[in-house]
Amino acid sequence: RRWPGFRARALDVGVRSSATLVFSRDALTVTVSVYGFRPGPLPQEAHEATEMLGDLALTNFVRDRRYRQALAEVDQLDTALRRRPIVDQACGIAMYVLGCDAEEAFDLLRRHSQRTNRKLADLAEIVVRTRGHGLEGELRKLRHTPPTDAPTPSARPTGA
């Protein structure tokens, strides 16, 4: 009664029973449907085979997802390693221009990257290409502006 169109089509092709088994793991769900040519419940052997098939399919999907995530992470790390020297050069230029240490230079470049909605490596390429000319003023302003993730005076503990 729930799916009259499906029921009619299934009966036309000889299907007299069906069962759908659901398998879930790691926020992934797989269903396996089995169809029979005789009315009645799924035989135990078919149920066991379907469970093995569903478990195997789910295991492979989960493994494939993890593999693709690992490949993406490796690609990101590779890109970061290839772009790291240019970021280091930009930090050196910022250190020279602003007279600050490496940690502060990196923090200023990172904050400028976030404020201008540019990737840090892209900003670093500009700094190196221009030898910092044109960015001195922006970086100096940032140097005297607290980071947006720093606690505000009202958010600091009072010592009580």
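The values are calculated or read from the model by the stated rules, or taken from the named source; none is laboratory data. None of these values were measured; they are calculated from a predicted model. Cβ coordinates were reconstructed from backbone atoms using ideal geometry, including for glycine residues, and neighbour counts include every protein chain displayed. For accessibility, only protein heavy atoms count, side chains too; no ligands or nucleic acids. Shrake-Rupley method; radii C 1.70, N 1.55, O 1.52, S 1.80 Å.
Checking Leu77, Leu58 one by one, the residue that is among the aliphatic types (A, V, I, L, M), in contact with a Leu (Cβ under 8 Å, 6 or more places away or on another chain) and either part of a helix (DSSP H, G or I) or over 19 Å from Leu142 (Cβ atoms) (or both) is Leu58 and no other. Cβ separations smaller than 8 Å between residues 6+ apart or across chains give the following pairs from the stretch 19-44 residues that are part of a loop (DSSP other than H, G, I, E, B) to residues that are of a type in the set (S, T, N, Q) and surrounded by 11 or more Cβ atoms within 10 Å (Cβ to Cβ): Arg38/Ser17; Pro39/Ser17; Gly40/Ser17; Pro41/Ser17; Leu42/Ser17; Leu42/Thr50.
On the given criteria, is Glu73 open to solvent by 100 Å² or more (accessible area, probe 1.4 Å), more than 21 Å from Phe6 (Cβ to Cβ) and more than 16 Å from the chain's Cα centre (by Cα)? Considered against the rule, which asks whether it is open to solvent by 100 Å² or more (accessible area, probe 1.4 Å), more than 21 Å from Phe6 (Cβ to Cβ) and more than 16 Å from the chain's Cα centre (by Cα), Glu73 comes out as no. Is it the case that Val97 is touching a residue at least 40 places away in the same chain (Cβ under 8 Å) and either open to solvent by 100 Å² or more (accessible area, probe 1.4 Å) or part of a helix (DSSP H, G or I) (or both)? Considered against the rule, which asks whether it is touching a residue at least 40 places away in the same chain (Cβ under 8 Å) and either open to solvent by 100 Å² or more (accessible area, probe 1.4 Å) or part of a helix (DSSP H, G or I) (or both), Val97 comes out as yes.
Filtered by the rule that a residue be more than 13 Å from Leu135 (Cα to Cα) and modelled with pLDDT of 90 or more, the stretch 85-103 gives Pro85, Ile86, Val87, Asp88, Gln89, Gly92, Asp101, Ala102, Glu103.
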